[in-house]
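S.K.: Sharing a structure with you now.
Each reported figure results from applying straightforward, stated rules to the coordinates on display, with no laboratory input. Predicted, not measured: the structure shown is a model, and the values here were computed from it. Methodologically, a virtual Cβ is constructed for each residue, glycine included, from the backbone with ideal geometry; neighbour enumeration extends over all protein chains shown.
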Amino acid sequence: MKAAATSVGLLALAGTIVPPAVFMLQSIAAGQGGTPGLSLDTVKAIMLVSTIAWFAAAPFWMKVE
Amino acid sequence: MSSLEREIEELEESASSEYERQRVPAKALKGPSAFWGMYAGEHTAGTEFMIGPLFVKWGADAFSLIVGLLLGNLLAVLTWRYLTATIACEERLTLYYKMEKIAGRGLVTLYNLANGLLFCFLAGSMITVSATAVGPFFPPGTIEMPTFQSTMPTGPAWIASCIAIGVAMTLVALKGYGVVAQVGHYSAPWMFLVFVACALVTLGRLGTADVWALLTPPEGTPKTISFLGIVFFSWFCNAAMHIGMADLSVLRFAKKPSAGWASASGMFLGHYVAWICAALLLIYWVRQHGVDPQVGKDPGTMVNDAVGWAGLICVIIAGWTTANPTIYRAGLAFQGMIPGISRTGATLLAGGLCIAAGIFPAFAMNLLDFVGIYGTILAPIGGIIVVDHFFADAVGIPRDPAERSGSAFNPVVLVAWLVPVAVAMWLYKTQGVFASYLPLPCAIACGLLYIILSKLAARDAIAVRA
């Protein structure tokens with residue numbers, strides 16, 4: 001259970017930061033007026049799902065001192 | 001009983017037996033990992049969404065933000081490490097108990113009043129920030145959002161939002177803050193990444209990764225904060241905690257003074273990266289939507305625009321997890337001050353004051369000044385503790401004088417505290433001195449006055465006995 005929660009948690013953190021990073025790189029590469037391959041709406045949706053996944057998984061593996 | 005319930009019970013149990021009137025025993029000491037997470041979570045708060053944009057409003061340049069914040073935060077970490085953590089590990093007492101030994105119980109009550117009221121205004125600012133995240137859930141125009149220039153409530157919908165959020169925070173604070181502390185602990189890594197995500201999306205939309213160029217204000221922008229101002233602001237925005245010694249209560253549990261380095265997680269993640277990320281949000285709105293930096297844009301709208309609902313959840317949680325313990329602590333302060341009041345009554349009183357402060361955006365919109373004043377009022381007490389701990393024997397004054405004499409009120413401490421604070425407030429109000437410049441001279445003046453007055457009092461006592 002803890003291993004599964006850890007995996008979900010780490011994936012959720014990746015889902016929070018990787019899409020915005022990809023959006024930034026693609027937007028800069030596309031230049032002024034260009035459209036990035038990953039739309040901002042998709043970034044927002046992935047981040048929301050990742051947020052829900054993070055709060056579902058974190059209590060099972062994060063230690064509270 | 002679930003593991004979560006067990007954990008909460010253990011947390012509440014430990015909160016009720018925190019060695020408040022004794023040295024922390026060796027069995028209760030904690031390793032450094034306990035402090036790194038705590039500082040990272042505590043200093044990545046909802047108010048960071050306000051402070052970054054306020055730097056833009058004040059015309060801070062790129063060098064000041066990138067180098068000045070680095071220097072100021074480094075100085076803050078060094079203060080925590082070499083002053084607060086050193087004293088905490090040698091004394092192993094709470095600030096309140098140490099103060100009681102020096103100043104007497106009566107003066108601790110006065111300190112509690114100041115502390116409790118300032119806590120309420122701080123938590124009020126957090127309620128204001130969290131309430132800006134409510135607006136995007138409703139059709140545009142339903143809730144009129146405050147700007148940097150707002151001092152009064154913007155309308156009934158705004159007041160209702162603040163009351164709803166403030167009441168929810170107060171009710172949770174009534175239960176003790178075990179659950180909120182846990183949510184804060186879980187959210188810390190995610191919350192920090194949301195701040196960074198806001199910056200990444202903003203850079204993408206602006207089509208550049210040249211942060212230096214983006215942070216450089218356009219020519220003609222009025223500059224109301226200098227490099228030194230940024231250094232002092234970042235050094236002393238938590239003056240009450242480090243030089244003011246409020247964190248004695250936390251760091252007394254550290255095995256070694258090196259735990260003071262843990263403050264670096266809060267300073268460099270929350271007060272460096274997060275502030276710069278939040279500043280970039282407003283820079284985008286200024287450049288792309290023509291928003292006047294002097295008017296600004298509320299955090300909720302900016303974050304929703306950048307990263308959507310995940311950002312709104314972040315604004316609410318960031319405000320909530322820091323406002324809740326603040327309301328709880330303010331409640332404790334009031335309980336210590338008002339005889340006979342129950343914990344529930346004291347927390348409700350604190351919650352009510354916080355909500356009233358949150359409804360008025362003036363506190364959140366003047367946060368740069370407010371945290372300076374907060375430090376100026378509370379930090380001088382730290383100056384007295386530093387003198388008592390390091391210099392009392394050398395200069396020939398008694399250590400822990402109130403405890404030795406059995407006094408409940410040491411007037412020397414009161415005068416040494418109030419005179420520099422009164423001078424500082426005069427300088428702030430009439431001479432326009434930036435509030436963050438005041439905590440350090442105030443603390444030093446307070447320590448020096450304490451030495452002089454203690455020596456005078458001792459001489460008078462000898463003369464009377466003779």
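S.K.: Would you compute, from DSSP H runs of 4+ residues alone, the mean residue ellipticity of the protein assembly as shown at 222 nm, taking -39500 (n - 2.57) per run and dividing by the full residue count, rounded to the nearest 500?
M.R.: On the way: 24 runs with 358 residues, N = 531.
Mean residue ellipticity, 222 nm, calculated: -22000 deg cm²/dmol.
S.K.: At A:A14 and B:A394, where each label point lies 7 Å from the Cα along Cα→Cβ, what is the point-to-point distance in nanometres?
M.R.: Going by the 7 Å Cα→Cβ label model, 5.5 nm.
S.K.: Could you tell me how many degrees, from 0 to 90 and to the nearest 10, lie between the Cα long axis of helix B:411-431 and the main elongation axis, the longest principal axis, of the Cα atoms of chain B?
M.R.: 30 degrees
S.K.: While we're here: Scan chain B and report its longest stretch carrying no GluC sites (Glu not before Pro) that are both in a DSSP loop and have at most 16 other Cβ atoms within 10 Å. Don't skip to the end; give the middle numbers.
M.R.: Numbers: sites that count: B:E18, B:E20, B:E144, B:E219.
It runs B:220-466.
S.K.: Here is a follow-up. On a C-alpha basis, how far is the centre of region B:100-158 from the centre of region B:17-85 in Å? Whole number, if you could?
M.R.: 20 Å
S.K.: Still on this structure, please answer the following. With a point put 7 Å past each Cα toward its Cβ, work out how far B:E144 is from B:I452 in nm, to one decimal.
M.R.: 5.2 nm
S.K.: Under 5 Å between amide H atoms, partner at least 5 residues away or on a different chain: which partners does B:K30 have, H built in plane at 1.01 Å?
M.R.: B:A254, B:K255
S.K.: With r as the distance between the Cβ atoms of B:R287 and B:Q431 and R0 = 45 Å, compute the FRET efficiency 1/(1 + (r/R0)^6) and round to 0.05. Walk me through the numbers on the way to the answer.
M.R.: Working: r = 35 Å, r/R0 = 0.79.
For B:Q431 and B:R287, the calculated efficiency is 0.80.
S.K.: If you don't mind, another one. Could you calculate the contour length gain from B:S342 to B:V295, that is, 0.36 nm times the residue separation minus the distance between their Cα atoms, to one decimal place in nm? Please list the in-between numbers first.
M.R.: Values: separation 47, 0.36 × 47 = 16.92 nm, distance 4.27 nm.
Going from the current span to full extension adds 12.6 nm.
S.K.: Quick one: grab the alpha carbon gyration tensor of region B:129-213, order the square roots of its eigenvalues as a ≥ b ≥ c, and give me rounded if a/c is under 1.5, else prolate or oblate depending on whether a/b is larger than b/c. Kindly include the intermediate steps, with their values, before the conclusion.
M.R.: Values: a/c = 2.68, a/b = 1.22, b/c = 2.20.
Oblate is the answer for region B:129-213, as a/c is 1.5 or above yet b/c matches or exceeds a/b.
S.K.: Also: For each of B:D369, B:D305, B:D460, count neighbouring Cβ atoms within 10 Å of the residue's Cβ, then give the residues from fewest to most.
M.R.: Numbers: B:D369 16, B:D305 21, B:D460 10.
Ranked by crowding around the Cβ, least crowded first: B:D460, B:D369, B:D305.
S.K.: A further question on this structure: What number do you get for region B:43-161 when its Cα radius of gyration is normalised by 2.2 N^0.38 Å, N = residues? Numbers along the way, then the final one.
M.R.: Working: Rg = 19.9 Å, N = 119, 2.2 N^0.38 = 13.5 Å.
The reported ratio for this selection is 1.47.
S.K.: With just the Cα atoms defining each centre, how far is region A:13-63 from region B:298-313? Give it in Å.
M.R.: For region A:13-63 versus region B:298-313, the Cα centre distance is 14 Å.
S.K.: Let me know the number of lysine pairs in chain B closer than 15 Å at the Cα, not counting same-chain pairs under 8 apart.
M.R.: Values: B:K27/B:K255; B:K27/B:K256; B:K30/B:K255; B:K30/B:K256; B:K57/B:K223; B:K57/B:K297.
Total qualifying Lys-Lys pairs in chain B comes to 6.
S.K.: Could you work out how far helix B:69-79 tilts from the main Cα principal axis of chain B, as a 0 to 90 degree angle to the nearest 10?
M.R.: Rounded to the nearest ten degrees, it is 20.
S.K.: Further, regarding this structure: For the residue pair B:A28 and B:L71, what label-to-label distance in nm results when each label sits 7 Å from Cα along the Cα-to-beta-carbon direction?
M.R.: Distance between label points: 4.1 nm.
S.K.: Rank these for me by crowding, B:I87, B:I66, B:I373, going from fewest to most other beta carbons within 10 Å.
M.R.: On the way: B:I87 25, B:I66 15, B:I373 20.
Ranked by crowding around the Cβ, least crowded first: B:I66, B:I373, B:I87.
S.K.: B:A259: net charge of surrounding residues, Cβ under 11 Å, Lys/Arg +1, Asp/Glu -1, itself excluded? Can you show the working numbers first?
M.R.: Details: positive: B:K30, B:R81, B:R252, B:K255, B:K256; negative: B:D247.
Combined, the nearby Lys, Arg, Asp and Glu give +4.
S.K.: Counting just the Cα atoms, what span does the protein assembly as shown cover along each of its three principal axes? Round to the nearest Å and put the largest first.
M.R.: 89, 62, 44
S.K.: Hey, which lysines would be in cross-link range of A:K2, C-alpha to C-alpha under 18 Å, not counting anything within fewer than 8 residues on its own chain?
M.R.: List returned: A:K63.
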